[in-house]
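Written below as structure tokens is the structure these notes are about.
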Amino acid sequence: MIKHLVAGVLLGLLVLQTGCSQKSDELYDRAGLLDSSERQRLTQWQKGLLGDFAVELGIVTLEKPADDLNRVADSLFQSLRLGQKTGGDRGVLLVIDPLAQRLRLEIGYDLEMVFTDAFVGRIENEQMVPFFLNDRIGAGIEATVELMVSRLSDVAGDSSMVATSDSPYFSGGAGAQTRVGEPAHGSEPPSLDPDVAPQPTPRAALEAYHRLLSAGSFHPLHLLLTPESRQFLQDRGVTRAQMRSGARLLDRVRDAGEIHIQEHRAVIRFDPSDRRAHPFFFHKTDSGWQLDLLAMNRVIGFNHRNEWFRRVANHPYAFALKDWRFDENGFPVSSLTKNP
């Protein structure tokens with residue numbers, strides 16, 4: 001999804017041809033924005049997208065600002081021939097110009113009905129911008145790829161969402177360019193909304209969280225979160241695109257969750273065969289139940305298909321998952337068979 005920005009077409013091609021220590025397949029980090037772990041994870045995302053969705057993702061960051069970002073992005077899309085590995089025009093390229101605080105997302109013809117201009121515009125305006133502002137571009141790229149995977153998963157199996165074309169390896173012109181603007185959330189959380197406070201039950205806390213996500217008004221400093229979770233999220237921010245993605249999940253599964261409570265901790269879990277419906281953790285205080293997003297982050301991980309797995313087996317909320325069997329990679333099995 002990421003593209004290279006340079007002063008002109010010839011310069012853009014030269015940058016790719018002269019090599020780069022931060023290059024790996026279709027990942028060209030000319031600006032040196034990514035650390036080794038981020039590059040490794042993004043390479044895994046690229047492999048997963050190609051293998052599971054037949055989408056070839058290119059990522060390029062610019063060392064120098066581009067005079068004509070659109071022209072350079074289009075030229076890079078064609079020179080990288082994104083999509084040739086898919087047997088169609090299913091390539092995506094994201095170019096980031098960090099010094100000029102601009103980005104461009106190019107979409108191949110066969111994916112235009114999946115990644116529409118409206119979707120791309122929301123991703124750029126609501127997703128990457130806050131990460132630019134917080135100087136966390138690598139994390140923003142990863143989060144952006146997650147949202148694209150979520151979109152691909154949503155339309156999987158719907159043939160009406162996949163276009164075909166006879167023009168291989170070329171961008172169809174879908175895409176949008178944006179300049180860094182407003183942060184993901186305000187400097188202070190709302191103080192009067194009862195949804196931001198601890199709730200009388202874990203179910204009520206999950207419903208409050210869902211309402212905040214749906215309204216796009218979730219804030220990292222809401223008292224609905226444990227103090228440790230607020231501290232964890234304060235410097236990271238929560239984008240509107242992330243809120244929208246979380247709300248869609250809860251739209252689908254929140255009424256099906258089972259509640260398991262042990263003293264001052266609770267877990268709402270879902271059918272283990274639904275790999276995208278991860279459990280939610282809650283902690284009870286004198287004021288009520290709070291969402292423990294920090295513990296969830298430590299215990300729950302996600303693969304390139306946004307399927308959740310257990311990072312660690314021993315944790316304070318493990319009581320609610322003891323009757324589940326996990327495979328060697330930490331994924332729950334599709335039954336509630338107890339572990340031996």
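Since every read-out is calculated from the coordinates, none of them should be taken as a lab result. For clarity, every value in this text was computed on a predicted model and none was experimentally measured. Positions of Cβ are backbone-derived with ideal geometry, glycine not excepted, and every protein chain shown enters the neighbour counts.
Determine, for Ser37, Ser79, Ser229, the number of other Cβ atoms within 10 Å of each Cβ, and report the residues in order from fewest to most. Mind showing how you got there, number by number?
Details: Ser37 9, Ser79 15, Ser229 22.
The fewest-first ordering by Cβ neighbours comes to Ser37, Ser79, Ser229.
What's the exposure ranking of Arg298, Arg203, going from fewest to most Cβ atoms within 10 Å? Don't skip to the answer; put the middle values down first.
Numbers: Arg298 14, Arg203 17.
Starting with the residue having the fewest Cβ neighbours, the order is Arg298, Arg203.
Most exposed first by the Cβ proxy, i.e. fewest other Cβ within 10 Å, how do Arg230, Arg311 rank? Mind showing how you got there, number by number?
On the way: Arg230 19, Arg311 12.
Lowest count first: Arg311, Arg230.
For segment 74-92 and segment 221-299, what is the separation of their C-alpha centers, rounded to whole Å?
38 Å
When a/c reaches 1.5 or more, the comparison of a/b and b/c decides; with that in mind, is segment 206-290 rounded, prolate or oblate per its Cα gyration tensor?
Numbers: a/c = 1.87, a/b = 1.06, b/c = 1.77.
Note, shape of segment 206-290 comes out oblate.
Can you tell me the relative contact order of segment 194-321? Whole percent, Cα pairs under 8 Å, sequence separation 6 or more. It would help to have the intermediate numbers written out before the result.
Details: 193 pairs, mean separation 32.0, N = 128.
Relative contact order, segment 194-321: 25 percent.
Aspartates and glutamates within cross-link reach of Lys284: Cα-Cα under 15 Å, excluding same-chain residues under 8 positions apart?
Lys284 reaches Glu228, Glu263, Asp292.
Quick one: Karplus J couplings for segment 287-296, per residue in order, coefficients 6.51, -1.76, 1.60, θ = phi - 60°, nearest Hz, x for Gly and Pro?
8, x, 8, 10, 7, 9, 5, 5, 4, 4
Enumerate the calculated ³J(HN,Hα) couplings along segment 311-327 in order (Karplus 6.51 cos²θ - 1.76 cosθ + 1.60, θ = phi - 60°), each rounded to whole Hz, writing x wherever the residue is Gly or Pro.
3J(HN,Hα) across segment 311-327, in whole Hz: 6, 9, 8, 9, 7, x, 9, 5, 4, 7, 10, 5, 8, 9, 9, 10, 7.
Using the Karplus curve 6.51 cos²θ - 1.76 cosθ + 1.60 with θ = phi - 60°, work out ³J(HN,Hα) for each residue of segment 114-121 in order, rounded to whole Hz, and write x for Gly and Pro.
8, 9, 6, 4, 5, 5, 4, x
How much of the DSSP beta bridge set in segment 194-321 is antiparallel, as a percent to the nearest 5? The partial results should precede the final answer.
Numbers: 17 of 18 bridges.
Roughly 95 percent of the DSSP beta bridges within segment 194-321 come out antiparallel.
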